[in-house]
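> Structure below; questions to follow.
Please treat every number below as a calculation from the coordinates, not as lab data. Worth saying up front: this structure is predicted, and the values here are computed from it rather than measured. We place every Cβ from the backbone using ideal geometry, glycine too, and count neighbours over all the protein chains shown.
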Amino acid sequence: MTSQTVNILCSCGSDKFESPRNPKASDVIICARCGVQKKYRILQKEIASKVKKKVEADFRRMLKKAGFK
């Protein structure tokens, strides 16, 4: 099995965030570059969506290679 990394970027392009050590859904995550704030719960949903799209694309590619349309 292979592993892949999913990077989360702020709208300013930064991937550095300030957060509590063990964030809870209600905690606020702050972009270290521009200061934009987001709830951790929202960030989790964005990450899950991005991972789901990546997995679906990987499966489509695998099935195509196996001869499925």
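> So between Phe68 and Ala32, what do we pick up on full extension, going 0.36 nm a residue minus the alpha carbon distance? Provide the component values of the computation, followed by the final result.
Working: separation 36, 0.36 × 36 = 12.96 nm, distance 4.49 nm.
Computed gain between Phe68 and Ala32 is 8.5 nm.
> Mind putting a number on the dipole of the stretch 17-64 about its Cα centre? Charges go on the C-beta only, +1 for Lys and Arg and -1 for Asp and Glu, and I need it in Debye to the nearest 20.
240 debye
> Another one. Which lysines, if any, have their Cα less than 17 Å from the Cα of Lys53, not counting same-chain residues under 8 positions apart?
Lys45, Lys64
> Would you calculate the separation in nanometres between label points at Asn22 and Gln44, each defined as 7 Å from the Cα along the Cα-to-beta-carbon direction?
1.4 nm
> Under the rule of -39500 (n - 2.57) per DSSP H run of 4 or more residues, summed and divided by the residues of the chain, what mean residue ellipticity at 222 nm is obtained, to the nearest 500 deg cm²/dmol?
Numbers: 1 runs with 26 residues, N = 69.
-13500 deg cm²/dmol, from helical runs alone.
> Once both axes come from the Cα atoms, what is the angle between helix 40-65 and the longest principal axis of the chain, in degrees from 0 to 90, rounded to 10?
That helix lies at roughly 10 degrees to the long axis.
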